[in-house]
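Since every read-out is calculated from the coordinates, none of them should be taken as a lab result. Note that the structure is a prediction, hence the values are computed from the model and not measured. Please note: Cβ atoms are built from the backbone with ideal geometry, for glycine as well, and neighbour counts cover all protein chains shown.
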Amino acid sequence: MLIDTLISFGKIAAELTLLFVVVSFVISWIQGYIPYEKIERILTGRNKLIGALAAVLFAFITPFCSCSTIPIVVNMLQKHLNFGIVMIFLFASPLLDPTILTVMGVILGWKVTMIYTVVTALFAIVIGFTLEAFGMEKLVKNVVMSGYEHQSDTPSLKKAWHETMVLMKTVFPYLILGALIGAVIHGLIPTELVGSLLGHEKWWLVPIAAIVGIPLYIRLSSMVPISHVLISKGVALGPIMAMMISSAGASLPEVVLLKSIFKTELVVIFVASVITMSTVSGFVFYLV
């Protein structure tokens, strides 16, 4: 059983590493052709719907984890971008990573990935505009940040490869961790036990998973292989996706960083919004 677990770990880790490197390289190369300045002009435009869609697109083409999103948010606030548009980017950025979405499509299926993308994008837009409508902009602190400016570089294969290696240094430990946990679950934990504890009939696991996911801080790169194994063991997709969204959307490190730019009330509202988004999204996966 131990040998089978080690073989499973090696197989999962090798497949994910290859997939991450290839997809990251292609996306990094494509990003060199993206007109960031034009997108920024759209974000500052008067049409809020177009601005919201541009914010989601900007979140998609600038893959950041929840923590590294914060400097971009500060920069957008200092440029006096519409508060709702900024919040849309804040919610969507850590969840709509193009590399993770591609890996998710290969491992969990493109139907799951498409639903995940649409649901998270719609929730980000709705929550962002709702916070703006209730005047939550007054809960933003005056924060000064320097040193961040997007650099427009000529696209090249060398630069794309360098960015891929930098990204892999960040992602690889989480990828290996996810592969290891997935292999242990696959090889050492009986299917009947997992199915009985986390079966389809237990709807209350969705809100619990959404709440538990935030302090766990499980990155999407770790959750994808774990989710694949759990689903094969009979675990419902709803709680898995709820935990995936909450852990990526509002990690504890991000909450601490947000406290430096948001007042406590807005931080609490942000966390509650992510839990709500995660819970409702989990139930959506039950329905479909």
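Relative to the current alpha-carbon distance between Ile61 and Ser232, full extension at 0.36 nm per residue lengthens the span by 58.4 nm. Between Asn142 and Val166, the modelled labels are 3.3 nm apart [label points 7 Å from Cα along Cα→Cβ].
Label positions at Phe134 and Gln78, each projected 7 Å from the Cα along the C-beta direction, are separated by 2.9 nm. Packing order of peptides 48-61, 13-26, highest average first: 48-61, 13-26 (average count of other Cβ atoms within 10 Å over each peptide's residues). Of the cross-linked pairs Lys111/Lys202; Lys48/Lys141; Lys38/Lys138; Lys79/Lys141; Lys79/Lys263; Lys11/Lys159, those separated by over 18 Å at the C-alpha level are Lys111/Lys202; Lys48/Lys141; Lys38/Lys138; Lys79/Lys263; Lys11/Lys159. Peptides 135-142, 234-241 ranked from most to least packed by the mean count of surrounding Cβ atoms within 10 Å: 234-241, 135-142.
Ranked by how many other Cβ atoms sit within 10 Å of their own Cβ, fewest first, the residues Asp4, Asp97 fall in the order Asp4, Asp97.
Per-residue extension of 0.36 nm, minus the Cα-Cα distance of Lys159 and Asn47, leaves a gain of 36.8 nm for this segment.
In plain terms, the residue of Arg46, Arg41 with the fewest other Cβ atoms within 10 Å comes first and the most crowded comes last, giving Arg46, Arg41.
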